[in-house]
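Asks: Would you mind keeping the following structure in view while I ask a few things?
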Amino acid sequence: MSNSLVGVLTRFQQEQIAVMAEIECMYYQVCVPPSDSDVLCFLWWPGNDLDRQPEEYQMGVHLFSAVSSTSCANFALRKAADDNLQQFDSEAINTVKRNFYVDARLKSVPGEEEAICLTDDLRKLLEKGGFNLTKWVSNSHRVIESLHVSERAGTFKDLQDGQLPIERALGVHWDVEHDNKPFTRVFCSLYNLLGFVALIVLPATVVLQDLCRKRLEWDDPIPDDERNRWLSWLEDLQKLQQLSVDCCLKPPSFGKVVSVQLHHFSDASQQGYGAVSYLKVLDDKDAIHCYFVMGKARTAALMASRLDKILRKEIDINDATSPSQWRYVNSEENPADDASRGLTVDSIISKNRWINGRDFLWEPESRWPVQPVAQTSDDDPEIKRESQALLSLINAVLEYFSSWYRRKKFLAWSLRYREKLKQSSKRRKEGLPLVQDSPEDRSYDPLSVDEINKGEKEVLKFIQRQSFGEELSRLDEQEEVNESNDLKSAKERKPQIKKSSAIYRLDPMKLGGLLYVSGRLRQASISYPAKHQIILPNRHHVMDLLVRYFHLISGHSGLEHKFAQASSQRNKSSK
């Protein structure tokens, strides 16, 4: 029900005249229906005397601590706009719907007269819904003076010296007088949603990551190397007050905008990866202006457990774009290179490319660096193909997950991505369009039951390779068992397995790459999966998750019921 915080902050920078206000006691203005008031009952001891009998009360309005309060208050705010569509113009209605983040209203308009009219309309509109706008702030003296002193923010009540103070807008310090954003007080307590100082935060998160790698306890002393890096970073933060950013997406003298483009840069290093976006606008006089929109910097993953998230993002990017939209930018020209490695405040100020973008963005596209694309034929005899395999510690990935279902799902997404790469390679060889350009693309489809079962099978295969690798390698030498040759005697299989093996007595057989129990149960008149259960080790991290999973789905029942539930689940997934 709430607007995106990033969206509200970004739209706040669209025009020159910015106005900010908030709804007074927003939650308390929204009544609770009598049918729901029982959930907001509480006990009260008169006079704070705990020896007296407590009295029972009900809240008639929404509380700040209730989970539902934000959604209910936002619904009431939007309802006030919908109920008055005919009485107010669309600008006031859209402001209520798109420029509020909970009780905070942030809006920018082209001129002072428009800001004054919109302010008056908003007050009247919200009064009809029972809301009162207060603590008004603006970077325009005229707009502030049009408001009664009691309606202004505390620091704006006395403007006799002509100086507008610094306010805070949803976590970002706003210098109202100079219309820029200085970052002080440890850049808003490390809360910087738009990412102006994301690359400054990265070195600190790298220090924290290094400490995590060393598995230090809470009270362990920090090693000297990390401590010195941390103190150096804290000292560098004091210089943030020297950094300021223009608040508006376009300068005051800019003409009528005729073209708008978004340019995204990305980069990765051993320490981290980052991305930054710039808005490039062109006016009717061919003047160009570039503005920082958002930047992000993240440390490189400690484990491969985030692979599934990265794979899904890559699939989304491949589906939403085409190769022609991407260009290579070398490190010297790429502002995202700073985000992937981190910078000091002095470096940001001296380089200036993080805030303003690279110089070529301020030029027409005809003057941009040209990247020639080499056309290489697959049949070129001078080209020698090389195959590379990228290995990761799958054990570290599997141990990361604390849920059996999430683990299966991760493997299922990985298998789908592997299949997508195979299809793309095959189509490229045949001269067909890539998978994301064909009707066969299923990247956005939810995982099917069959895919999740395949993911489960891959997990079980990995466990068996870890625990029974020797047995699997010995059984690899003979034909895999299927239902038609299931009667092959144990005498023909057992010589392949050492008698010292922990699973020798189970007469293991291999089916579909997995080890199953054989033995005399094959003579029983029960289903095939019930005759041949999968062999799993008794001590393994995955086994703990399996037991916990069947314990939950069986309703915390006894051991026998859990075992039956596991057997039943195995039968279903084998069909």
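Any read-out appearing in this document is the output of simple, stated calculations on the displayed coordinates, not a laboratory observation. What you see is a predicted model, and the numbers here were worked out from it, not measured in a lab. Every residue, glycine as well, gets a Cβ built from its backbone with ideal geometry; the counts of neighbours run over all protein chains shown.
Asks: Using Cβ counts within 10 Å as a stand-in for footprinting exposure, how do 467, 35 rank, fewest first?
Replies: Going from least to most buried by this count: 35, 467.
Asks: Search the structure for amide H atoms under 5 Å from the amide H of residue 61, placed 1.01 Å from N in the peptide plane, and list their residues when 5 or more places away or on another chain.
Replies: Sorted by chain and number, the residues that satisfy this are 32.
Asks: Could you derive backbone 3J(HN,Hα) for the range 97-102 from the dihedral phi with the Karplus parameters 6.51, -1.76 and 1.60 (θ = phi - 60°), listing whole Hz in sequence and x where the residue is Gly or Pro?
Replies: 7, 10, 10, 10, 10, 6
Asks: Per 10 Å bin, what percent of the C-alpha pairs of the range 2-118 does each bin hold, from zero upward?
Replies: Per 10 Å bin, starting at 0, the Cα pair percentages come out as 12, 33, 27, 15, 9, 4, 0.
Asks: Amide H neighbours of residue 267 under 5 Å, at least 5 residues apart or on other chains, H built in the peptide plane: list them.
Replies: Residues meeting the amide H criterion: 274.
Asks: I'd like the Karplus ³J(HN,Hα) series for the range 260-273: coefficients 6.51, -1.76, 1.60, θ = phi - 60°, whole numbers in Hz, and an x wherever there's a Gly or Pro.
Replies: So the J values, rounded to whole Hz, are 10, 9, 10, 10, 10, 10, 9, 6, 9, 9, 5, 7, x, 9.
Asks: Any of 214/457; 256/280; 457/510; 250/285 with alpha carbons more than 22 Å apart? Name them for me. Provide the component values of the computation, followed by the final result.
Replies: Working: 214/457 34 Å; 256/280 14 Å; 457/510 14 Å; 250/285 14 Å.
Check vs 22 Å cut-off fails for 214/457.
Asks: Most exposed first by the Cβ proxy, i.e. fewest other Cβ within 10 Å, how do 59, 294, 1 rank?
Replies: Arranged by neighbour count, lowest to highest, 59, 294, 1 become 1, 59, 294.
Asks: Something else about it: Mean 1/r over all different Cα pairs, inverted: what Kirkwood radius does the range 213-344 give, in Å?
Replies: 18.5
Asks: In addition: Within 10 Å, count the other beta carbons around each residue, average over each peptide in 468-474, 203-209, and list them highest first.
Replies: Details: 468-474: 15.7, 203-209: 17.6.
Result, highest mean Cβ count within 10 Å first: 203-209, 468-474.
Asks: Residue by residue, what Karplus-based ³J(HN,Hα) values in Hz, rounded to whole numbers, does the range 73-81 have, using 6.51, -1.76 and 1.60 with θ = phi - 60° and x for Gly and Pro?
Replies: 5, 5, 4, 5, 5, 5, 5, 4, 5
Asks: I need the chymotrypsin sites (Phe, Trp or Tyr not before Pro) found in the range 33-120, filtered to DSSP loop residues with at most 15 other beta carbons within 10 Å of theirs.
Replies: Values: sites: 42, 44, 57, 64, 75, 88, 100, 101; in loops: 64, 88.
Those satisfying the criteria are 64.
Asks: What does the charge add up to near residue 59, with Lys and Arg as +1, Asp and Glu as -1, over the other residues with Cβ less than 12 Å from its Cβ?
Replies: Around residue 59, the charge tally is -3.
Asks: 5 Å is the cut-off here: which amide hydrogens, built 1.01 Å from N in the peptide plane, fall below it relative to residue 102, excluding neighbours closer than 5 in sequence?
Replies: 3
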